[in-house]
Every structure is written in structure tokens, then in C-alpha cells.
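*Asks:* Supplied in C-alpha cells, the structure appears directly below.
Where a number appears in this text, it was derived from the coordinates with a stated rule and is not lab data. What you are looking at is a predicted structure, and each value in this text was computed from that prediction instead of being measured. When we count neighbours, we look across all protein chains shown, and the Cβ atoms used for this are built from the backbone with ideal geometry, even at glycine.
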Amino acid sequence: PRFATIGWWNSSKAAQLAERLAAASEGSGSVLDNTVLLFASGMHGGDHLNNNLPVAIVGSGGKVLKQDYFVPGAKVLQLADVHYTILKQVFGYTGTSFGVGKNIVSEILA
């Protein structure tokens, strides 16, 4: 129950932040349209396993990332590759890797 309560609280705070960013205008859209919030759990359930982690990417980073998209569970993604993709595609990172991440995750790109 405690893990669920912490998860609920964190999720509600992330949703509040996203709502505020969506309400603020920027250019032809909102601040959220030009933002990337990566919201993830440090573990799957209460078991401290580091695989099959729930991850939400909120905002499209200037229409670079897909919105309203779910990666099916059969597809195994490395979180470091997700980080690398966002750094490279949204922020222009020129490195060839980020930690162990070195692959572009095309499934999250618009």
C-alpha cells in the first residue's frame, strides 16, 4: 500500500505540472508542446526489478516526439536508449552514446 501511495502522489504532481505547462502559451502552442517531461518509476511494482519499468514521456519537445502513443509490452526498450534518443533528437546532443544507450528509438519519434 505504501508504494502505491507514493506512486499516486508522484503521478498527481507530474499531472499538475503538465497541466500548468499546457495552460501557458508559447508561440503557436503551449509550453508543454515544447517541453519533454520524462516520468518514470525506479522499479516495477514493489519488487525493485529494473526491467519493464513504466515510463511516460509528456510533451513533444517541439513536435519531435509522438504524443498519445503506447509502446506494446512485447517490445523491449532500454531506458538509456530512450534518454539517448531524446537528447539527440530534441536537444541536438552530438555524442555517440549516453551511458549504455547508443540506439535511436524510432517508435517514440513523430
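*Asks:* With runs of 4+ DSSP H residues as the only contributors, calculate the mean residue ellipticity of the chain at 222 nm using -39,500 (n - 2.57) per run, divided by the residue total and rounded to the nearest 500.
*Replies:* Calculated mean residue ellipticity at 222 nm is -10500 deg cm²/dmol.
*Asks:* Below 12 angstrom from the Cβ of V105, what's the summed charge of the other residues (Lys, Arg +1; Asp, Glu -1)?
*Replies:* Spelling it out: positives minus negatives among the neighbours equals +2.
*Asks:* A further question on this structure: Which residue fluctuates the most in the chain, going by a Gaussian network model with Cα springs under 10 Å, if the choices are S28, S60, S12?
*Replies:* With Cα springs under 10 Å in the chain, the top fluctuation among S28, S60, S12 is at S28.
*Asks:* Further question on the same structure: For every other residue with a beta carbon closer than 11 angstrom to the beta carbon of L32, add +1 if it is Lys or Arg and -1 if Asp or Glu, then tell me the sum.
*Replies:* Here the charged neighbours net out to -2.
*Asks:* Can you give me the orientation-averaged projected area of the convex hull built on the Cα atoms of the chain, in nm²?
*Replies:* For the chain, averaging the hull's shadow over all directions gives 7.7 nm².
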